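First the structure, in the form of structure tokens, and then the observations on it.
The values are calculated or read from the model by the stated rules, or taken from the named source; none is laboratory data. As the structure is a computational prediction, the values presented were derived from the model and not from experiment. As a convention, Cβ positions derive from the backbone with ideal geometry for all residues, glycine included, and neighbour counts pool all protein chains shown. Note: accessible area is taken over every heavy atom of the protein model, side chains too, but ligands, DNA and RNA are not part of it. Shrake-Rupley method; radii C 1.70, N 1.55, O 1.52, S 1.80 Å.
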Amino acid sequence: MLQKNDMIELKIEDMGVDGQGIGKYDGMTFFVKDAVIGDEIRARVTKLKKNYGYARMEEILSPSEARTVPECELYKRCGGCQIQAMDYGKQLEFKQNKVRGNLIRIGGFAPEFVDEVMQPIVGMETPYRYRNKAQFPIGTDKEGNVVAGFYAARSHNIIPVTDCKLGVEENQKILEAVLSYMRENGIKPYDEATGKGLVRHVLIRYGFTTKEIMVCLVINGKKLPAREKLVEKLSGLEGMTSISINQNTKNTNVILGERTECIWGQPYITDYIHLRECGNDAVAAEGAGRKEFALTDTAVGFHISPQSFYQVNPVQTEKLYSLALDYAGLTGKETVWDLYCGIGTISLFLAQKAGKVYGVEVVPQAIEDAKNNAKLNGISNAEFFVGKAEEVLPEFYERESRRSAGSADEVGEVAAAAAKDAGKSDGRSMLHPDVIVVDPPRKGCDEKCLETLLKMHPERIVYVSCDSATLARDLRELCDGGYEVKKVRAVDQFGNTGHVETVCLLSKKAQ
Ligand code: SAH
């Protein structure tokens, strides 16, 4: 009988959803962190369950052809990049297969059908230096020195590093300035164990198109002593636009607290997202897709404050949004809903090609930002509502269908907009829009939300997903309800990690 701590030899034949290697031994499936598909390894059993287990890689007997030398020497210890040891082309293959596999296994779609509708994954040029946002925890090393770094995998021990290879090079100088300010002024890092100390995290954002920089110190208190010294060090750095402090005095893993105070410059940075051209599928499939995703003149500007949600990979985001817009197939007249709209990024792109766009998002601050961003871009055909998609939409639908049946009893914010909309938009209405776009968090769409989508029966649904397992589940539900999947395309937003985004176009089946 196999026991914990036994050594076994494994051939890694598959990869798990988080990028762990998977091999079989004695009929049991083993998950091995940092093992790459194709590796032959010796591993020590660390955990045993009934028919699967975990093992730690001890030796590579024969390395996989998919192996490459990771750029970051800390990748094994840091929890951030699960598949950095894999050649980037193979990473893309892994992600394409992951989406394909989920559509088949979870969605119940036939493999031949999936191969017909799936377009080739959209990769990055290089999977490094792509993140516009970094959140470095601050702590002390064994000698008691103040350090910035990353948490080791599955722990809260800080590995000192000021230059994460996924982030921009600018991060390093900023962190060094913050650390020297702390040392020179005797400012203590926050200690999770005791709840004492002041500085918890440094949040840095970088506008790729504007080169504007935002720094926000998250502190366990209200005041930052000698803050003018910090400002002195940071404000001279090229591109510095916004310096703020955020108060977080709670004993929590959540990084930001509720209050943010700008102590220098503006309370936000600006960034632009450009629309890109989506070439035809055949060109991309032949690998001659260089013209695909060429920049166009259309751009939307955004004000981003420390607390706003903003996609972290701006270059790939342009491709993702351009695909979503392409799939939406707008001609200028359509009524469109954008559910889970965040700060209105996709909505404002849609608004440029649609008659009217309605955004729904649960975070009130994000909706404030969305409204401001619409103004900033001179966009007047987008309206935004705060609330959960699975509440706002069904409530609106029930109320509005009753109203149009002639029994209006209550008029809420959304219904009032609907009444206005019905009067002017060419007979097309909020109730039965042309297109609905959804971009939910990992858990996917709520049942109630999907049900309402089906009742609203738009011509097309564009589903943007950050988890292909819940995407597959939701697509099955929509297909059983009268839709068919037309196109699916994965976009790699998170190179070197196991995550992948997917865009999907569904259209109403002909009766
Ligand atoms: N489309 C946006 C945001 C996508 S992230 C963009 O590309 O920037 C998903 C968003 O859904 C987040 O902004 C999150 O706050 C929001 N959200 C989460 N649960 C929600 C719910 N039940 N209803 C509406 N919005 C929700």
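Per-structure values
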| quantity | calculated |
| --- | --- |
| Simple Cβ-charge dipole of segment 133-267, Lys/Arg +1 and Asp/Glu -1, about Cα centre, in debye nearest 20 | 380 debye |
| Mean separation of Cα contacts under 8 Å (6+ apart) over length of the chain, as relative contact order % | 12 percent |
| Accessible surface of segment 133-267 [probe 1.4 Å, protein heavy atoms]: carbon and sulfur percent | 47 percent |
| Protein accessible area in segment 1-112, 1.4 Å probe - carbon and sulfur % | 47 percent |
| Positive-end residue, the chain charge dipole about Cα centroid, Cβ charges, pick of Ala405, Ile12, Gly378 | Ile12 |
| Summed side-chain charge close to Pro225 - residues other than Pro225 whose Cβ falls under 13 Å, Lys, Arg +1, Asp, Glu -1 | +3 |
| Protein accessible area in segment 271-508, 1.4 Å probe - carbon and sulfur % | 49 percent |
| Estimated 222 nm signal from helices in the chain, with DSSP H stretches of n ≥ 4 weighted -39500 (n - 2.57), rounded to 500 | -8500 deg cm²/dmol |
| Dipole in debye (nearest 20) - the chain, about Cα centre, beta carbon charges: Lys, Arg +1; Asp, Glu -1 | 1000 debye |
| Residues of segment 220-260 with amide N under 13 Å of a point placed 7 Å along Cα→Cβ from Thr210 | 239-243 |
| Probe 1.4 Å, all protein chains present, accessible-area order of Glu59, Glu383, largest first | Glu59, Glu383 |
| Residue-count net charge about Leu450 - beta-carbon cut-off 12 Å; Lys, Arg +1, Asp, Glu -1 | -3 |
| Student exercise, segment 104-157 dipole from Lys, Arg, Asp, Glu Cβ charges, in Debye to nearest 20 | 340 debye |
| Net charge of neighbours whose Cβ lies under 12 Å from the Cβ of Ala152, counting Lys and Arg as +1 and Asp and Glu as -1 | +3 |
| Rounded FRET efficiency, nearest 0.05, which uses the C-beta distance separating Lys508 from Arg183 and R0 of 60 Å | 0.45 |
| Förster radius 25 Å - calculated FRET efficiency between Arg402 and Leu454 (Cβ-Cβ, nearest 0.05) | 0.85 |
| Restraint check, Lys95/Lys333; Lys33/Lys443; Lys455/Lys486; Lys319/Lys487; Lys165/Lys319; Lys211/Lys233, Cα-Cα greater than 26 Å | Lys95/Lys333 |
| Length released on extending from Tyr52 to Asn251, taking residue separation times 0.36 nm less the Cα-Cα span | 68.1 nm |
| Residues of the chain: accessible area per residue with a 1.4 Å probe, Å² | 46 Å² |
| Spin-label pair Val117/Ile104, simplified geometry with 7 Å Cα→Cβ offset, distance in nm | 1.6 nm |
| Simple spin-label estimate for Glu169 and Glu59 in nanometres, 7 Å along Cα-Cβ | 4.1 nm |
| Extension reserve of the Tyr272-Met7 stretch, reckoned as 0.36 nm per residue once the Cα distance is removed | 90.1 nm |
| Using θ = phi - 60° and Karplus 6.51 cos²θ - 1.76 cosθ + 1.60, couplings along segment 13-26 (whole Hz; Gly, Pro as x) | 10, 7, 10, x, 4, 9, x, 6, x, 10, x, 10, 9, 6 |
